[in-house]
Each structure stands twice: as C-alpha cells, then as structure tokens.
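The values are calculated or read from the model by the stated rules, or taken from the named source; none is laboratory data. Keep in mind that what you see is a predicted model, and the values were worked out from it rather than measured. Backbone-built Cβ (ideal geometry, glycine too); neighbour counts: all protein chains shown.
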Amino acid sequence: MPATKTLPQCAEDAIETAIDEATDDDPTVLWWDDGGYLRDIVERVSHSLGCEFHAAEQTPLELRTEPPRGRTVWYVPHAASDDTDWFRDVENTGGVIELHIGKLATRCFGNDRLQATSVRTAYEDAEAGKREHIAQTLFRELNGDGGLPTLQGLQTKIVLDGHDDPVQFVLEHGVENLPDDTDDLLKLRDLLVEKGVVAVEGLTAEQEIVDRTRRWAVAEWLVEEGLDKSRLDPEYQPEPSSGLGISRPELQSVLSKTERAGELAHVYLNPDARFWHDILRTYDDPWELADCPVDASLEHELFEQWTHSFYNGAYELCASRATERYQRLETTYGDVPWTHVWEQAVEVANLAHELDTWDERGDTTDVVDLYGDVENGTWQIDDAVFKLIVSGSPEKDLPEEHPATGMLDDLRTSLVESRYLEYLRDLGELVADQIEAGSPFVGEHHAHQFFASEQEHLRSGQSVALFIVDALRFDLAHELAESIRRELPGLEVDENAWVGALPSDTAFGKAALTPGSKFSFAIGLEDSKLVPERNGRTITNYQREKLLKDDGWSYIMQSEDDTSGWSNTRVAYYWNDIDKGGEEGLTDFEELFTDRIRKISDIICEKLDQGEWDRAYVLSDHGFISLPKRVDIDDIHPPDSAETITRRWIAGENIDENAPGVLLDENAHLGYLNDDTKLSVLADPIQRFRNRGLPNARFYHGGVLPQEFVLNFITITQE
C-alpha cells in the first residue's frame, strides 16, 4: 500500500485542524517535535497558511518574550513537558500538536495508519544515531519528490539504511551491513519472506539467511533460463511472473546495477558455494542454461563439456559456445578471470578451426594469395597464434577447482606448438613444390618494383611519407593498419600483398625499397659474397641513403630527431625495433612486439595528424618466423659449393638441386638474380644451416616461408 500524502501535506492538515478547533479566532498553535526534524516543513507550511512562525532555539520560554500577533505557530524542537504551565493559555484558546517525524509519517498512509505504526515505533525505539538516519529516510521518502513509497518499501529503507529492496540488498552485500540489532534482523527476514523468499522463514542466523536468499536467487535465474522448477525444493521454487511489465530475476537486476559486479563474481562463481551442484552435475545439456552466469557448478559443467567438444573436433561449435559464454560473463561481471578464460577459449577454438581447414580456404596452387589475401589469407593463423601467446594464462587467476586450470594450458600448448609447427611445415612443402614448378613469383607485386609501380603518386608533386619498418610480418602490419584506422578514422587505409626480395634478409629487403626502374635491381655474387645492386652498384646503407636523397627524399632514422627533415614534402623514415628485438634472441618477444606496434602506430599517427600529407605508405623489408618455445632444430651442414652461408640460405655459383632447401635460379622467375648466382633457401621452419654454432632464438627470417617474404604494404590517403 503506497502513502497517500506527503509530510508537508500532513503537517498542513494538522495545523489547519488545530486552528479550526481553537476557540480563539486568531489562535496560537504550539507544535512539540521530539527530535526537531520537522522544523523546515512546519515553517514552510505555517507561512503557506498565513501564520507567523517562531521557533524556540534554546528554551520554550523564548516564545513568550513577545505576545503573538494574529495566527501564529510556535515550534519547540523537543518532546512536550508536563512540568510547566507556561502554555496553559495556548492549550485553552489555541491548539497543541505533539507530532515528531515518525508520528507524522504514519499519517501519510491514511486509512492504513495502524499498519504504519511500525514506522513510528522504529523511530521512537531507535538510539540517537539511528534515529537521525530514520528521520532522514522519512524526510527524503515522504517529501513528495519522485513519488510516494509503499509502506513495505519505507520499512525496508528504515531497516536497511536507505536500501529499498531487501532481497537485492542481501544478494549484493551478504552479511556485510546487515542490521546489528536482532529485532531489525528479524524484520529484514520477514521482509524477505514477504518478497517471496520463503526459504528464510523462521531463520535467526544472519549467515544462513544470506546463504538461502542467494540460493533462492540463483534458482530463480536458472528457472528463467529453462530449468524445470519442479527439480527444486518447494521453498526455492520461484513464484510465476505476474505478467505485468517486464520482469527479470532479482540477481540479474542486482548485477546489472551494482558497481561491485567484479567482486560478486567471486561470490556467485565461488566453487565453495555451489548452489545447485546436485542438479547441475547431472543435467543433460548444461549449455541450455549457459546464459545464466551464476553458480560455479554450472560454470564447471559448461567448461568440461566445451573441452569434450573440442577434443571431438567440433571447433566451430566450441567457438560459438565460448563466444556466448564470454559475452554473458563480460556483460555481467566485466573484467574478471572467468571472462578472460572464455575469451581465450574463443581464440583457442578459432585457431584450432583455422589450423584444421587452412588448406580449404583459398587456392593452394597460389601460395602468395593463399597466405596474403587480406580478407581470408592464412596470415590470420600467425595472428591468432601471436595473440594467443600474448594473452597469457588467464586460468592461473581462477580458483584451482575450475576445470580450465587443468585443461586450458594443454589445449593452448598443443595449438601454438605442435599443431602450428605442423602447419608451418606443410606450408613450407607447398611453397617448395610451387617454386620447383616455376611459381609462385610470376605476376606478383615485387618489392623491388615499388618505386616504379607507384611513381605516378611518388612523383606527382604530392606530399608523401614512407615508413619502412624492419621485420613487419603480415599480421603485425594488419594490426598496425587497424590501429591507424582507429586513431585516424578520416583516412583511407588500404592493405595489399607484395613479395619481398629473396633471400628475406634486411640487406636485400631494404635495398629493394630504393628508387629505380623495375629492371635496375639485381642480386648477385661479388667476391663470393651475395650483395644487392641498383644500376650495377652495390647498395650499402650509405648508397641506399644516397639513392633516396638524390631522388628528393629526406632520409630519417628512428633514432634521429630530424625536425627539418619532416618539413620536406617527401620523407623516408626507417624504424628497426622489431627486427632488433627479435634478433637479440629474446624468448618472449611477442609481448615486446605488441609494444613496438603500439609505438610505431603512435609515431605514424602523430606525423600524419600533424602534417599535411597527401599520401603515406607503411612498407617492410621482410617478415619472420616465430617458432614454438619447445622445438628441436634440424641442424644442416651446407654443401661444399656454398660460398655464402647463413642460417636460412646459402649462395654460390655451383649450388644445384641436390643442395638442402629450395633452389632459386633463373627458373624461379624472380627477375633479379644474376645468371651466375644460385641460392638454396630453406622452406622447412625448423631447418638451419650450420654456421658458427646454432642459436636458441625463436625468431628467424631469410627463408621462403610466406611469413618471411609475403609482405603487407599499407597505403594511407585522404578519404
């Protein structure tokens, strides 16, 4: 039953009644207020009725210093006293009101005053500190702002320090902030019963009240998601919805509004509080209930069945289900370990599906397109492996009872180590077969042709910036492009596959990205050393810089603070941190590379945002292979005919098809190998030519895996 009047309205009724019943035409009305919480209300109402208002500040005798003139309200902020006759005349000719805020509040409920006496007694029985709080609650709830409360709602707020729903209060706070007073605790229990939580009826222990309320709320949500309520004990079976408006489970309402959702995940997914374990562990299909984000038993059953589906090879189903669970937990709890685990489960399932079907996703007779298709290429496998490694081991933050703590690491390890390595070796065999057949280099965009192919834009008089990033593998370039799109949405950012110079090492890759015609670039042996050339001249670092400067480009290295260089309309900026970090032999370079991509993105976005650039390119000299942490390297002895020996390739005039690896000669149709130069380049990811010992680094390039030579060049223009 809702209140029918506000406190000001009831105060007005009281004063008007006292005036009407007074024998004097212009009476004085004396208002005694035990506690003094009604002063503002009585003063405003008095003025609205045309009465003068005087309040006793120290003692009631202050009100007798001057005789009243006309209708007057005298206000005394404490209880009436029987020890004085100071106001006998007022009692005889005017009116006396003895109402504190608790009594006045009962009048707000009209004909239900008898039931509302609990409000008055709550105020009168409270100690000083609690009484002030109750007064504040009554004033706030019954002043008319925002509607009038029900009696039950008002009683709840009195008991729970302003909280208006006993069920939601207990679900969120537990025993924390429960009433210390036994009577108040029992009042709370009775309010819970009135709200439908009959499971707490007759209880007196606060922890038991909390436990059963939470169990009841979890049951309500499970039923909402499809659990047959007949499987529950009668006292936990939720009442059917009234059908009026939109209703949702109490616990769902709590978790959607609270700022403590992350904390509550540790309550409602706590393995020590498995609310309905006996029912859920035998439930035929727990995924029918997956949208219910509470109860550790359900959470554990879901993950165990998900793992079973994974081992059966149902990767698409696993990805769909993990996404469903992740979204529900993320929406409910936000950034918590359970959310992170299911987020990684999505990545695990997607990667497993990609590794299982990679040779079905494109034309396996064109390895460049198979790998380098921006939308569907198998570069996405490298991206998925990289991100899975960077995401770490979220299951370590879960309670040890969660099945992910014993399962997820095995799944993750099998993918990023054995199955990924198997994929790399299969891909290497595919490349080797195609090179031996006279492809895959025919008809592709080659990096050494970049300046010639793009000369229309590079020599148009437009302002152009080149960002040449060492060892920017295809997937990292895509991540960089996505970062630029997010930061500078007004720019057009395109990605295209290009074939880098072979062998896929820095000296050749950077030399290829120099001005000159398509036919001026060459790679050949000079004094038994393999070198890159432009127009017949060896391209050293100095010569590369000179070629660019002679062509009108500012040449800026990452370490240089060349402000004047950036004032030019054509700038070539070199950034080497990725290759440097990988070749330093770091074992955990994925996290380092993530940071490097963020930094180069910041640099590029800053320069593009500050300058009036018509066009910009992000280029790379080569990619790389990132091997699993645990792998046995196949150490190969190079043949005697090798004149230049590196980890992933050898060169010489007399290298033939019997040499380890894939033979690159005039039949490979690269278009830039000198006639007397032959290369044997490794396609197997674990093979290395023996060359002054064998390092343990996981980071390699120089071979002919697509990860090493198929590059993602980014073009940025004004939209």
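Listed here are the residues, each with its yes/no results for (1) at pLDDT 85 or above; (2) not hydrophobic (A, V, I, L, M, F, W, C).
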site: ASP112; (1), (2): no, yes
site: ALA122; (1), (2): yes, no
site: GLY129; (1), (2): no, yes
site: LEU138; (1), (2): yes, no
site: ASN143; (1), (2): yes, yes
site: LEU151; (1), (2): yes, no
site: VAL159; (1), (2): no, no
Residue in the range 242-269 that is modelled with the highest pLDDT, counting only those that are surrounded by 15 or more Cβ atoms within 10 Å (Cβ to Cβ) and not in a helix (DSSP H, G or I): LEU269
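Restricting to the range 612-642, and then to whatever is among the acidic types (Asp, Glu) and under 29 Å from TRP498 (Cα atoms), can you tell me which residue is surrounded by the most Cβ atoms within 10 Å (Cβ to Cβ)? Spell out the reasoning first.
As a first pass, look at the range 612-642 and keep what is among the acidic types (Asp, Glu): 612, 614, 621, 632, 634-635, 640.
Subsequent filtering for residues that are under 29 Å from TRP498 (Cα atoms) retains 612, 614, 621.
Values: GLU612: 8, ASP614: 16, ASP621: 27.
Per the criteria, the residue is ASP621.
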Filter the range 697-709 down to the residues that are outside any helix (DSSP H, G or I) and within 32 Å of the chain's Cα centre (by Cα) and list them by number. ARG698, PHE699
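Can you say whether PHE139 is in contact with a helix residue (DSSP H, G or I) (Cβ under 9 Å, 6 or more places away or on another chain) and closer than 20 Å to GLU263 by Cα, as far as the supplied structure shows? Quick ask: steps written out before the conclusion?
On the way: in contact with a helix residue (DSSP H, G or I) (Cβ under 9 Å, 6 or more places away or on another chain): yes; closer than 20 Å to GLU263 by Cα: no.
So PHE139 fails the test.
How many residues does the range 318-330 hold that are in contact (Cβ under 8 Å) with a residue 12 or more places away in the chain and surrounded by fewer than 18 Cβ atoms within 10 Å (Cβ to Cβ)? Break it down into steps so the answer makes sense when it comes.
Taking the range 318-330 and keeping what is in contact (Cβ under 8 Å) with a residue 12 or more places away in the chain, we get 318-319, 321-326, 328-330.
Then drop every residue that is not surrounded by fewer than 18 Cβ atoms within 10 Å (Cβ to Cβ), which leaves 323-324, 328, 330.
Qualifying residue count for the region: 4.
Restricting to the range 359-377, count the residues that are among the small types (Gly, Ala, Ser) and closer than 19 Å to LEU502 by Cα.
1
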More than 33 Å from the chain's Cα centre (by Cα) and modelled with pLDDT of 90 or more - does that describe any residue in the range 603-615? yes
Quick one: what pairs do we get from the range 461-488, first residue under 20 Å from VAL571 (Cα atoms) and outside the structural domain of SER504 (by TED's automatic domain parsing), second among the acidic types (Asp, Glu) and modelled with pLDDT under 95, C-beta under 9 Å, 6+ apart or different chains? none
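When only residues in the range 643-655 that are without any contact (Cβ under 8 Å) to a residue 40 or more places away in the chain and touching a strand residue (DSSP E or B) at 6+ places or on another chain (Cβ under 7 Å) count, which is farthest from LEU427 (Cα to Cα)?
Of the residues in the range 643-655, the ones without any contact (Cβ under 8 Å) to a residue 40 or more places away in the chain are 650, 654-655.
Now narrow it down to the ones that are touching a strand residue (DSSP E or B) at 6+ places or on another chain (Cβ under 7 Å): 650, 655.
Details: ILE650: 21, ILE655: 24 Å.
Within the range 643-655, the match that is farthest from LEU427 (Cα to Cα) is ILE655.
Have a look at GLY95, GLY153, GLY110 and point out the one that is farther than 18 Å from TYR37 by Cβ and without any contact (Cβ under 8 Å) to a residue 24 or more places away in the chain.
On the way: GLY95 fails: without any contact (Cβ under 8 Å) to a residue 24 or more places away in the chain; GLY110 fails: without any contact (Cβ under 8 Å) to a residue 24 or more places away in the chain.
When all the criteria are applied, what remains is GLY153.
Scanning for something free of Cβ contacts under 8 Å to residues at least 60 places away in the same chain and in contact with a strand residue (DSSP E or B) (Cβ under 8 Å, 6 or more places away or on another chain), does the range 690-705 turn up at least one residue?
Filtering the range 690-705 down to residues free of Cβ contacts under 8 Å to residues at least 60 places away in the same chain leaves 690-693.
Retained after the next criterion (residues that are in contact with a strand residue (DSSP E or B) (Cβ under 8 Å, 6 or more places away or on another chain)): 690-691.
Checking the range 690-705: at least one residue is free of Cβ contacts under 8 Å to residues at least 60 places away in the same chain and in contact with a strand residue (DSSP E or B) (Cβ under 8 Å, 6 or more places away or on another chain).
Somewhere in the range 656-663, is a residue out of contact with any Pro (no Cβ under 9 Å at 6 or more places or on another chain) and surrounded by fewer than 18 Cβ atoms within 10 Å (Cβ to Cβ)? Walk me through it before giving the result.
First pass over the range 656-663, keeping only residues out of contact with any Pro (no Cβ under 9 Å at 6 or more places or on another chain): 657, 661-663.
Pick out the ones that are also surrounded by fewer than 18 Cβ atoms within 10 Å (Cβ to Cβ) and you get 657.
Looking for residues that are out of contact with any Pro (no Cβ under 9 Å at 6 or more places or on another chain) and surrounded by fewer than 18 Cβ atoms within 10 Å (Cβ to Cβ), one finds at least one in the range 656-663, hence yes.
When the residues of the range 525-545 are filtered to those that are among the basic types (Lys, Arg) and out of contact with any strand residue (DSSP E or B) (no Cβ under 8 Å at 6 or more places or on another chain), which remaining residue is surrounded by the fewest Cβ atoms within 10 Å (Cβ to Cβ)?
Step one: filter the range 525-545 for residues among the basic types (Lys, Arg), giving 529, 534, 537, 544.
With the extra rule that they be out of contact with any strand residue (DSSP E or B) (no Cβ under 8 Å at 6 or more places or on another chain), the set shrinks to 537, 544.
Values: ARG537: 13, ARG544: 21.
For the range 525-545, the residue satisfying everything is ARG537.
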State all residues of the range 343-401 that are surrounded by fewer than 18 Cβ atoms within 10 Å (Cβ to Cβ), without any contact (Cβ under 8 Å) to a residue 40 or more places away in the chain and farther than 25 Å from GLU429 by Cα; if no residue qualifies, say none. GLY392, SER393, LYS396, GLU400
Go through (1) crowded, with 19+ Cβ neighbours inside 10 Å; (2) free of Cβ contacts under 8 Å to residues at least 40 places away in the same chain for PRO27 and report which single condition fails. (2)
Please find, among GLU259, GLU250, GLU201, the residue that is without any contact (Cβ under 8 Å) to a residue 40 or more places away in the chain, touching a helix residue (DSSP H, G or I) at 6+ places or on another chain (Cβ under 6 Å) and on the phi < 0 side of the Ramachandran plot. GLU201
Here the residues within the range 270-311 that are closer than 16 Å to PRO399 by Cβ, in a loop (DSSP other than H, G, I, E, B) and more than 25 Å from the chain's Cα centre (by Cα) are ARG274, PHE275
Is there a residue in the range 608-623 that is of a type outside the set (Gly, Ala, Ser) and closer than 18 Å to PRO440 by Cβ? yes
Residue check, VAL681 against (1) surrounded by fewer than 23 Cβ atoms within 10 Å (Cβ to Cβ); (2) at pLDDT 95 or above, all met but one. Which one? (1)
Since ILE714 meets every condition but one in (1) on the phi > 0 side of the Ramachandran plot; (2) in the same structural domain as SER517 (by TED's automatic domain parsing), which condition does it not meet? (1)
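So which of ARG688, ARG698, ARG648 ends up being modelled with pLDDT under 95 and surrounded by 23 or more Cβ atoms within 10 Å (Cβ to Cβ)?
Numbers: ARG688 fails: surrounded by 23 or more Cβ atoms within 10 Å (Cβ to Cβ); ARG698 fails: surrounded by 23 or more Cβ atoms within 10 Å (Cβ to Cβ).
Testing whether each residue is modelled with pLDDT under 95 and surrounded by 23 or more Cβ atoms within 10 Å (Cβ to Cβ) leaves just ARG648.
Kindly indicate whether ASN674 is modelled with pLDDT of 90 or more, surrounded by fewer than 20 Cβ atoms within 10 Å (Cβ to Cβ), more than 30 Å from ASP609 (Cα to Cα) and of a type outside the set (A, V, I, L, M, F, W, C). Before the answer, list the steps.
Numbers: modelled with pLDDT of 90 or more: yes; surrounded by fewer than 20 Cβ atoms within 10 Å (Cβ to Cβ): yes; more than 30 Å from ASP609 (Cα to Cα): yes; of a type outside the set (A, V, I, L, M, F, W, C): yes.
Spelling it out, ASN674 is indeed modelled with pLDDT of 90 or more, surrounded by fewer than 20 Cβ atoms within 10 Å (Cβ to Cβ), more than 30 Å from ASP609 (Cα to Cα) and of a type outside the set (A, V, I, L, M, F, W, C).
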Being hydrophobic (A, V, I, L, M, F, W, C), touching a strand residue (DSSP E or B) at 6+ places or on another chain (Cβ under 8 Å) and not in a strand (DSSP E or B) is the filter; apply it to the range 456-481 and report the residue that is surrounded by the most Cβ atoms within 10 Å (Cβ to Cβ). LEU472
Name every residue in the range 411-461 that is over 30 Å from VAL385 (Cβ atoms) and of a type outside the set (A, V, I, L, M), in order of residue number. GLY438, GLN449, PHE451, SER453, GLU454, GLN455, GLU456, HIS457, ARG459, SER460, GLY461
Quick check on the range 89-99. Is at least one of its residues among the small types (Gly, Ala, Ser) and within 16 Å of VAL42 (Cβ to Cβ)? yes
Given (1) in contact with a helix residue (DSSP H, G or I) (Cβ under 8 Å, 6 or more places away or on another chain); (2) not in a loop (DSSP other than H, G, I, E, B), index of the condition VAL374 fails: (2)
